[in-house]
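K.L.:
Sharing a structure with you now.
Bear in mind that the values in this text are calculations on the coordinates, not laboratory data. Just so we're clear, the structure is a prediction, and the values are computed from it rather than from any experiment. Every residue, glycine as well, gets a Cβ built from its backbone with ideal geometry; the counts of neighbours run over all protein chains shown.
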């Protein structure tokens, strides 16, 4: 069995299928880990969503911020949606409700004890252990899977609070968890999230660091797989796999083998 992590698809269905062919993906025996943001910006979000759903247990995906935007739009939640026009094309189809219900059942974090590997879309605050990360993710997953999940979507937008505290409750607690797992890139030395900088780390203020560079982060000792940050590029080492290589921007869609010796496979994307 081969297991590969694949970066953000963002509706790039054709490169995704070419990449699966290139790694000789067999859904009967292989597994792919998808870092979220299945939809938006690319030309075939609906087809991408349908295909990933059809793979069943052969595909493990975590939710990204664009996936959550789709859930919000589908439920008439008001937010600044100027960059999400392509998501409207998913709505109004015969299987729209089924796709939305399937999407909201997906996790925000996935952990393999066998491979000592944790996957999230964006990042992990330095205050969280792997166990705490999974517990915080489950708080949101429980709400998303409830009948009253729209209330979570209505409360998740905003940049405050920007630092974790175990004393956070209600909407503030939920918003921080969602933002950390699906939006985080740069933080300061105290673990405060900066939401403004989306470019390469070396172009940010000197007071900011990539979230994974805090030396005493409590999640250390587990390999982390994540996407979300196309300007960061590919990172593959014993502790970290960053696999969003900017397919939707005309760069590559990349798969990294998780079991055995890491192996990198990519395809060129048209943008």
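K.L.:
Using r as the Cβ-Cβ distance of residue 195 and residue 147, and R0 as 45 Å, what FRET efficiency do you calculate, to the nearest 0.05? Before the final figure, lay out the partial values.
P.N.:
Numbers: r = 31 Å, r/R0 = 0.68.
Result of the calculation: an efficiency of 0.90.
K.L.:
Follow-up question, since we're still on this one. Based on the Cβ-Cβ distance from residue 76 to residue 18, what FRET efficiency comes out when R0 is 41 Å, to the nearest 0.05? All intermediate terms of the calculation are to be shown ahead of the outcome.
P.N.:
Working: r = 36 Å, r/R0 = 0.88.
Calculated value: 0.70.
K.L.:
While we're looking at this one, here's another question. Just want the ordering: 103, 143, 55, from fewest to most Cβ atoms lying within 10 Å of their own Cβ.
P.N.:
Details: 103 22, 143 19, 55 16.
The order, fewest Cβ neighbours first, is 55, 143, 103.
K.L.:
Between region 155-195 and region 22-39, how far is it from one alpha carbon centroid to the other, in angstrom?
P.N.:
30
K.L.:
Two decimals is fine: what's Rg over Rh for region 58-149, C-alpha atoms, Kirkwood radius as Rh?
P.N.:
On the way: Rg = 14.7 Å, Rh = 14.7 Å.
Across region 58-149, the Cα-based Rg/Rh ratio is 1.01.
K.L.:
A follow-up question, please. Take every DSSP beta bridge whose two residues both sit in region 1-153, then give the antiparallel share in percent to the nearest 5.
P.N.:
On the way: 4 of 11 bridges.
Looking only at bridges with both residues in region 1-153, the antiparallel portion is about 35 percent.
K.L.:
I've got another one for you. For the chain, set up a GNM with springs between Cα atoms under 10 Å and report which of 183, 46, 220 has the largest fluctuation.
P.N.:
Highest fluctuation of the listed residues: 220.
K.L.:
Which value, in Å to one decimal place, does the Kirkwood hydrodynamic radius take for region 1-87 when every pair of different Cα atoms is included?
P.N.:
Working: mean 1/r = 0.0746 Å⁻¹.
Across region 1-87, the inverse of the average 1/r is 13.4 Å.
K.L.:
Moving on to the next point. Please list, in order, the residues from region 201-221 whose amide nitrogen is less than 16 Å from a point placed 7 Å along the Cα→Cβ vector of residue 131.
P.N.:
Residues 218-221 qualify, since their backbone N sits under 16 Å from the label point.
K.L.:
Length gain on complete extension for the stretch residue 155 to residue 237, per 0.36 nm per residue less the alpha carbon to alpha carbon distance? Don't skip to the answer; put the middle values down first.
P.N.:
Numbers: separation 82, 0.36 × 82 = 29.52 nm, distance 3.65 nm.
Answer, rounded to one decimal: 25.9 nm.
K.L.:
Tell me the label-point distance for the pair residue 206, residue 57, using the 7 Å Cα-to-Cβ offset, in nm and rounded to one decimal.
P.N.:
Each label point is offset 7 Å from its Cα along the Cβ direction, giving 5.4 nm.
K.L.:
Same structure again: Taking the beta-carbon count within 10 Å as an exposure proxy, list 51, 226, 195, 16 from fewest neighbours to most.
P.N.:
Working: 51 17, 226 30, 195 14, 16 27.
Least crowded to most crowded, the residues run 195, 51, 16, 226.
K.L.:
Follow-up. I need to check one value: relative contact order of region 3-268, counting alpha carbon pairs closer than 8 Å and at least 6 residues apart, in percent.
P.N.:
Details: 532 pairs, mean separation 62.1, N = 266.
After rounding, I find 23 percent.
K.L.:
If each residue of separation counts as 0.36 nm, what is the full-extension length gain between residue 85 and residue 139 once their alpha-carbon separation is subtracted? Spell out each step's value before the answer.
P.N.:
On the way: separation 54, 0.36 × 54 = 19.44 nm, distance 2.95 nm.
Here the segment from residue 85 to residue 139 would lengthen by 16.5 nm.
K.L.:
Could you list 121, 69, 228, 197 in order of exposure, starting from the residue whose Cβ has the fewest other Cβ atoms within 10 Å?
P.N.:
Numbers: 121 29, 69 23, 228 26, 197 14.
Ordered by Cβ neighbours within 10 Å, fewest first: 197, 69, 228, 121.
K.L.:
Quick one: among 147, 14, 162, which has the greatest mean-square fluctuation in a GNM of the chain with alpha-carbon springs under 10 angstrom?
P.N.:
147
K.L.:
Considering only region 3-268, what is the antiparallel percent among its DSSP beta bridges, to the nearest 5? Could you put the intermediate results ahead of the total?
P.N.:
Details: 18 of 31 bridges.
Of those bridges, close to 60 percent are antiparallel.
K.L.:
Using a Gaussian network for the chain with springs between C-alpha atoms less than 10 Å apart, which of these wobbles most: 230, 165, 58?
P.N.:
Highest fluctuation among the options: 165.
K.L.:
Could you list the square roots of 5 times each eigenvalue of the Cα gyration tensor of the chain, that is, the equivalent ellipsoid semi-axes, sorted largest first and rounded to whole Å?
P.N.:
Values: eigenvalues 128, 109, 64 Å².
Values for the chain, descending: 25, 23, 18 Å.
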